[in-house]
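Input: a single structure, listed below in structure tokens.
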Amino acid sequence: MTETEPAALYELREHVAIVTLNRPDALNAVNSALSAAAGAALERAAADPQVRVVVITGAGRAFCAGADLKEIAAGRGVYDPEHRDRDFAGIVRHWIPKPVIAAVNGFALGGGTEIVLSADLAVIDEKASLGLPEVTRGLIAAAGGILRIHRQVPPKVAAEIALTGRPVSAARAYELGMVNAVAPAGTALEVALELAGTIAANAPVAVQQSKRVMHECAAANTGWAQEDWTINRNAARIVMTSEDAKEGPRAFAAKRTPQWAGR
């Protein structure tokens, strides 16, 4: 990516908006620029009457490697300072009335998985994997991962994913219902666009109202409720002010094993 390119790209194909996370050299790790650009792209799609479905994907070989730990280690924020309410990547708390599909084209651990969990539907490349490895870095999956994972897969499986930090293969993610389809290598966006096309062919008002009813009736059970995010924020504050939260990113940046203090 050059300095003149935006951190997220926007493309309209008929009635489908494609939002591409565009930091390929960093595996689309999220910094404040990406959060601002992706959030603006979602807002643009929400406001455009021609858009009926949104597909989120990544440039290069990754979907999203999560938060940019080098930014965190340097003490810099990874959120859009103008729209902190949209949270991670400008996406995970940015609810829009139109269906959102995650096209997981590659590496998608941590925050990448949290973006997938926030989407209405998801397609994953057969070689990609999901997971919440934050605990291995002294961090917490505070961008909706902990709030949503146990509501989208069986509780004991959710605990394994959240507490071990181990990745989940594409095939296993499909078995668990974390994704709608597994795409042949290199075709996640293509398969997602086919799914988007099927949805876009339906009546826009009916689709959007169907999403609204599902969202509003199940908000307390899908990780969108304000009360849930308050609990989540309090836990994140404890974790992110700990010594371990400082050690994890530093160890990652230095390519060494972290030495946990447990405080």
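Restricting attention to segment 251-261, the residues being surrounded by 13 or more Cβ atoms within 10 Å (Cβ to Cβ), over 23 Å from the mean Cα position of the chain (by Cα) and modelled with pLDDT of 85 or more number 2. Kindly establish whether ASN22 is touching a Phe, Trp or Tyr at 6+ places or on another chain (Cβ under 9 Å) and not aliphatic (A, V, I, L, M). It is false that ASN22 is touching a Phe, Trp or Tyr at 6+ places or on another chain (Cβ under 9 Å) and not aliphatic (A, V, I, L, M). Of the residues GLY110, GLY106, the single one that is at pLDDT below 95 and among the small types (Gly, Ala, Ser) is GLY110.
Of everything listed in (1) farther than 20 Å from PHE107 by Cα; (2) within 21 Å of the chain's Cα centre (by Cα); (3) surrounded by 12 or more Cβ atoms within 10 Å (Cβ to Cβ), the single unmet condition for SER242 is (2). Checking the structure you have, find out if any residue of segment 218-228 is among the polar types (S, T, N, Q), crowded, with 17+ Cβ neighbours inside 10 Å, over 24 Å from VAL51 (Cα atoms) and under 22 Å from the mean Cα position of the chain (by Cα). Within segment 218-228 (the criterion being among the polar types (S, T, N, Q), crowded, with 17+ Cβ neighbours inside 10 Å, over 24 Å from VAL51 (Cα atoms) and under 22 Å from the mean Cα position of the chain (by Cα)), the answer is yes, since at least one residue qualifies. Just name the residue that is farthest from the chain's Cα centre (by Cα) out of those in segment 17-29 that are closer than 23 Å to GLU126 by Cα and part of a strand (DSSP E or B). Once the filter is applied, the top-ranked residue is ILE18. Filtered by the rule that a residue be outside any loop (DSSP other than H, G, I, E, B), within 20 Å of ALA122 (Cβ to Cβ) and in contact with a helix residue (DSSP H, G or I) (Cβ under 8 Å, 6 or more places away or on another chain), segment 162-176 gives ALA162, VAL168, LEU176. For segment 128-149, the criterion of being farther than 30 Å from GLN259 by Cα, in contact with a strand residue (DSSP E or B) (Cβ under 7 Å, 6 or more places away or on another chain) and either crowded, with 24+ Cβ neighbours inside 10 Å or not acidic (Asp, Glu) (or both) is met by none of the residues. Of the residues that make up segment 177-196, is at least one in a helix (DSSP H, G or I), closer than 18 Å to ILE115 by Cβ and modelled with pLDDT under 85? So far as segment 177-196 goes, no, none of its residues is in a helix (DSSP H, G or I), closer than 18 Å to ILE115 by Cβ and modelled with pLDDT under 85. Taking the numbered list (1) within 17 Å of the chain's Cα centre (by Cα); (2) within 19 Å of ALA65 (Cα to Cα) in turn, THR164 passes all entries but (1). Filtering segment 210-229 to residues that are at pLDDT 70 or above, assigned to a helix (DSSP H, G or I) and of a type outside the set (Phe, Trp, Tyr) leaves SER210, LYS211, ARG212, VAL213, MET214, HIS215, GLU216, CYS217, GLN226, GLU227, ASP228.
The helices (runs of 4 or more DSSP H) found entirely in segment 44-161 that carry 2 or more residues being under 30 Å from THR198 (Cα atoms), touching a residue at least 12 places away in the same chain (Cβ under 8 Å) and not polar (S, T, N, Q) are 111-118, 145-152.
The values are calculated or read from the model by the stated rules, or taken from the named source; none is laboratory data. What you are looking at is a predicted structure, and each value in this text was computed from that prediction instead of being measured. Ideal geometry is used to build each Cβ from the backbone, glycine not excepted, and the neighbour counts take in all protein chains shown.
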